[in-house]
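Every number in this text was worked out from the coordinates using simple rules, so none of it is lab data. Note that this is a predicted model, so its numbers are computed, not measured. Here the Cβ positions follow ideal geometry from the backbone for every residue, glycine too, while neighbour counts run over all protein chains shown.
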Amino acid sequence: MNIALFGPPGAGKGTQAKELSKHYAIPHISTGDILRANVRDGTELGMKAKEYMDKGQLVPDDVLIGLIKNRLNESDCESGYLLDGYPRTIPQADALKLILEEIGKPMDAVLNIEVSDEELVARLGGRRTCSCGESYHVKFNPPEKDGVCNACGAELYQRDDDMEDVIRQRLATYNEKTKPLMNYYKDQEILVDIDGSNTVDAVFADILEVMDQFK
Ligand code: AMP
């Protein structure tokens, strides 16, 4: 299965991606996670990306296009892929189309997870993240022990870009740069809308139901 998850920051793409990746046995490719790992490791890419990420802006297209091309050429993508957070601009989508043609794996579906702006701000402001990839919410999904990851025991942190002023900027960036991609994929008839305001399990069930038509 070849899938991309589309939707604003805080829509639950990462959470759904983890489950979908297990369900279809395909790699979860989150460009945000890859960039954050580079920031943590202090790589050249990470240092460059951090400037943009901290401001809620998009990292330049050429950086992301190179990154995704390398990742999609790795052997685990032979079984398919689940893109999370890529593409985010029309040039990224154009580049992706060419890469997918080259590797012979066109996209089956783009899942558009919809959530209201109000809800997004509440979700992102309370989000707590672990470097192992797990994420929690102080109110809606708290860890068993305050500030500690259930899965690996590490200390949770609030992403720099989950601060209120950066959240607003990320939503503005999404509306300006990423939302136009909806029509891009609607025209290709592979965009499917999913109501992301329901519980995690309900959203997952909805996704599996719509994915049935792409089998
Ligand atoms: P995410 O974890 O997907 O919310 O991404 C966090 C941040 O990483 C974004 O706000 C951007 O600064 C950067 N980023 C992730 N994916 C992309 C992308 N496809 N294009 C540009 N910047 C990206």
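So here's what we get for this one:
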{"quantity": "Cα centroid of region 1-65 to Cα centroid of region 122-191, whole Å", "calculated": "11"}
{"quantity": "Stretchable slack from residue 164 to residue 48, in nm (0.36 nm times residue separation minus alpha-carbon distance)", "calculated": "39.5 nm"}
{"quantity": "Separation of the residue 98 and residue 74 label points, Cα + 7 Å toward Cβ, nm", "calculated": "2.3"}
{"quantity": "Two-decimal Rg to Rh for region 8-76 - Kirkwood Rh, Cα set", "calculated": "0.99"}
{"quantity": "Region 50-174, relative contact order [Cα under 8 Å, separation at least 6], %", "calculated": "29"}
{"quantity": "Packing-based exposure ordering (other Cβ within 10 Å, fewest first) of 52, 136", "calculated": "52, 136"}
{"quantity": "Fewest-first sequence of 145, 177 by Cβ atoms within 10 Å of each Cβ", "calculated": "145, 177"}
{"quantity": "Cα-projected label distance for residue 131 with residue 154, points at 7 Å along beta-carbon direction, nm", "calculated": "0.5"}
{"quantity": "Calculated [θ] (222 nm, deg cm²/dmol) that DSSP helices of n ≥ 4 give over the chain, each run adding -39,500 (n - 2.57)", "calculated": "-13500 deg cm²/dmol"}
{"quantity": "Estimated Rh, the chain: Kirkwood, alpha-carbon pairs, angstrom", "calculated": "17.7"}
{"quantity": "Per-pair calculated FRET efficiency, R0 = 25 Å: residue 186 and residue 118 via Cβ, rounded to 0.05", "calculated": "0.50"}
{"quantity": "Estimated inter-spin distance, residue 55 and residue 140, nm [label 7 Å along Cα→Cβ]", "calculated": "2.9"}
{"quantity": "Ranking of 6, 140, 204 by count of other Cβ atoms within 10 Å, fewest first", "calculated": "140, 204, 6"}
{"quantity": "Dipole moment magnitude, nearest 20 debye, region 153-196 about Cα centre, only Lys, Arg, Asp, Glu C-beta charged", "calculated": "180"}
{"quantity": "Percent of beta bridges antiparallel (DSSP, the chain, rounded to nearest 5)", "calculated": "30"}
{"quantity": "Computed over the chain: relative contact order in percent, which uses C-alpha pairs under 8 Å that are six or more apart", "calculated": "30"}
